[in-house]
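Student: Below are the structure tokens for one structure; questions will follow.
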Amino acid sequence: METRQADVSIPLQSSGWGSAAPGPRADPPPRDYVLWSLLNVVLWCAVFGLGCLGFPPLVYSIKARDCKLLGDLEGARRHGSRARVANIICSVLVTLMLVGLIIIVIIIFNSIEIENP
């Protein structure tokens, strides 16, 4: 009787811990950025009373969430991307306006102290 050697395949490179098996990769679910949009609306309303400037990101976020729930992942990605860009623009504007407001208040308080020794 002849002994047979088993065919063993040993990978030359380690795949590392927690790596998935090779095969088709699933795309991550699209993000909708609703919380970030709500934060922008609240900041615009609370700080400057211009809540209407925070609504476009919120609209895109809600559209992205609706598309995701309906199974339209491409539409959800498109609206999510628009919501992200609009949220970045709103966040930068809010930050710049807050910094400007703080600088103006500091200048006013310093001018009041200079006039009243």
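The values are calculated or read from the model by the stated rules, or taken from the named source; none is laboratory data. Quick caveat, the model's predicted, so the values are computed rather than measured. Virtual Cβ from ideal backbone geometry, glycine too; neighbours counted across all protein chains shown. Surface areas here come from the heavy atoms of the whole protein model, side chains and all, with no ligands, DNA or RNA. Shrake-Rupley method; radii C 1.70, N 1.55, O 1.52, S 1.80 Å.
Student: Quick one: Ser61 ticks every box in (1) surrounded by fewer than 10 Cβ atoms within 10 Å (Cβ to Cβ); (2) of a type in the set (Gly, Ala, Ser); (3) touching a helix residue (DSSP H, G or I) at 6+ places or on another chain (Cβ under 9 Å) except a single one, so which number is it?
Tutor: (1)
Student: Further question on the same structure: Can you list residue pairs whose Cβ atoms sit under 7 Å apart, with the first residue in the stretch 57-78 being free of Cβ contacts under 8 Å to residues at least 40 places away in the same chain and the second being aromatic (Phe, Trp, Tyr) and surrounded by fewer than 22 Cβ atoms within 10 Å (Cβ to Cβ)? Count only pairs 6 or more apart in sequence or on different chains.
Tutor: Nothing qualifies.
To keep it simple, each residue is scored yes or no on (1) at pLDDT 80 or above; (2) in a loop (DSSP other than H, G, I, E, B); (3) within 21 Å of Val99 (Cβ to Cβ).
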position	(1), (2), (3)
Gln13	no, yes, no
Pro28	yes, yes, no
Pro56	yes, no, no
Val59	yes, no, no
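Residue by residue, here is whether (1) of a type outside the set (Gly, Ala, Ser); (2) within 27 Å of Ile102 (Cα to Cα); (3) in a helix (DSSP H, G or I) holds:
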site: Trp36; (1), (2), (3): yes, yes, yes
site: Leu43; (1), (2), (3): yes, yes, yes
site: Leu53; (1), (2), (3): yes, yes, yes
site: Lys63; (1), (2), (3): yes, no, yes
site: Ala83; (1), (2), (3): no, no, yes
site: Ser91; (1), (2), (3): no, yes, yes
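Student: Quick one: which residue in Gly54, Gly75, Gly49, Gly100 is more than 30 Å from Pro29 (Cβ to Cβ), of a type outside the set (A, V, I, L, M) and open to solvent by less than 40 Å² (accessible area, probe 1.4 Å)?
Tutor: Residue meeting the stated conditions: Gly100.
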